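Notes follow the structure.
The values are calculated or read from the model by the stated rules, or taken from the named source; none is laboratory data. This one's a predicted model, so the numbers in the text were calculated from it and none came from an experiment. Using ideal geometry, Cβ is built from the backbone for each residue, glycine included, and neighbour counts are taken over all protein chains shown.
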Ligand code: COA
């Protein structure tokens, strides 16, 4: 399972997907979008944590501008990148993005669709779309506001401000700031391995509840909890805790 531009590696506790067009700074073209859909179909059928990174010290320098230039109104309405990134965002298990170098335009929007972002000092993340005569229509206008607040989101979207790794960390856009890509990947793997020790049903329920609209709370929390309260895994995990001293 792999499109030419998306390298997929099955690790024990997660799936590692690498955007792999380093000669084009991992610009997201139609092949990459198709490969992302194929990966999502797999992870929807058998939920796994996904770690997303870019090859060659960049995450992704945007949607492929050569293809974008040829797209017309109907292509915009089809939401080619938007629908793929929404599908990534909606994956049942957590998605962790490892952000090094450039994460611009559609590359930044793919990063915003992740649940957890870690990055490096070399990171440059932002949305220069208006400089190309278009808007950032693949998630930035709603996700960035939620992630960094309206003021900074407005400066990034209206004035094209690109954040450094330090600025992205200070804004909470990335939750770990590392010296280089290898260290950032190592932290992402540590997070994925921590997730693997948790109950996957509870993790997936937490993600659904976390992503639910404000007016769905607390009913959605209670409905999800009701399912988990009756689960054998909850019984097993709580019993193991309560018996832990006898087992020493
Ligand atoms: N779409 C298509 N091709 C892209 C691309 C994109 N978003 N970003 C980079 N590339 C291509 C370049 O055209 C170049 O191809 P070539 O070697 O065939 O000429 C190759 O990737 C390397 O890019 P280059 O600009 O030479 O690398 P750099 O390291 O000097 O600069 C960037 C990197 C990211 C600063 C620069 O490529 C850039 O500004 N890219 C566009 C960013 C952008 O506006 N993204 C938003 C798109 S929605």
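Per-structure values
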| read-out | value |
| --- | --- |
| Subset tally (residues that are near the ligand (Cβ under 9 Å from one of its atoms) and outside any helix (DSSP H, G or I)) for the stretch 97-125 | 5 |
| Those residues of the stretch 155-212 which are assigned to a loop (DSSP other than H, G, I, E, B) and over 29 Å from residue 132 (Cβ atoms), in sequence order | 175, 179, 180, 197, 198, 199, 212 |
| Residues (in a helix (DSSP H, G or I) and either touching a helix residue (DSSP H, G or I) at 6+ places or on another chain (Cβ under 6 Å) or within 16 Å of the ligand (Cβ to nearest atom) (or both)) located in the stretch 13-36 | 22, 23, 24, 30, 31, 32, 33, 36 |
| Residue check for residue 68: more than 16 Å from the ligand (Cβ to nearest atom) and in contact (Cβ under 8 Å) with a residue 12 or more places away in the chain | no |
| Sole exception among (1) more than 14 Å from the chain's Cα centre (by Cα); (2) under 23 Å from residue 146 (Cβ atoms) for residue 110, by number | (1) |
| Residue match in the stretch 126-143 (condition: assigned to a strand (DSSP E or B) and within 15 Å of the ligand (Cβ to nearest atom)) | yes |
| Residue tally, condition surrounded by fewer than 24 Cβ atoms within 10 Å (Cβ to Cβ) and within 10 Å of the chain's Cα centre (by Cα), over the stretch 74-85 | 0 |
| So residue 91, is it closer than 14 Å to residue 17 by Cβ, within 16 Å of the ligand (Cβ to nearest atom) and within 16 Å of the chain's Cα centre (by Cα) | no |
| Options 220, 191; residue that is under 22 Å from residue 147 (Cβ atoms) and free of Cβ contacts under 8 Å to residues at least 60 places away in the same chain | 220 |
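Yes/no matrix, rows are residues, columns are (1) within 15 Å of the chain's Cα centre (by Cα); (2) over 20 Å from residue 78 (Cβ atoms); (3) modelled with pLDDT under 95:
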residue: 3; (1), (2), (3): no, no, yes
residue: 17; (1), (2), (3): yes, yes, no
residue: 21; (1), (2), (3): no, yes, no
residue: 54; (1), (2), (3): yes, yes, no
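Yes/no matrix, rows are residues, columns are (1) within 13 Å of the ligand (Cβ to nearest atom); (2) in contact with a helix residue (DSSP H, G or I) (Cβ under 7 Å, 6 or more places away or on another chain):
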| site | (1), (2) |
| --- | --- |
| 49 | no, yes |
| 61 | yes, yes |
| 76 | yes, no |
| 84 | no, yes |
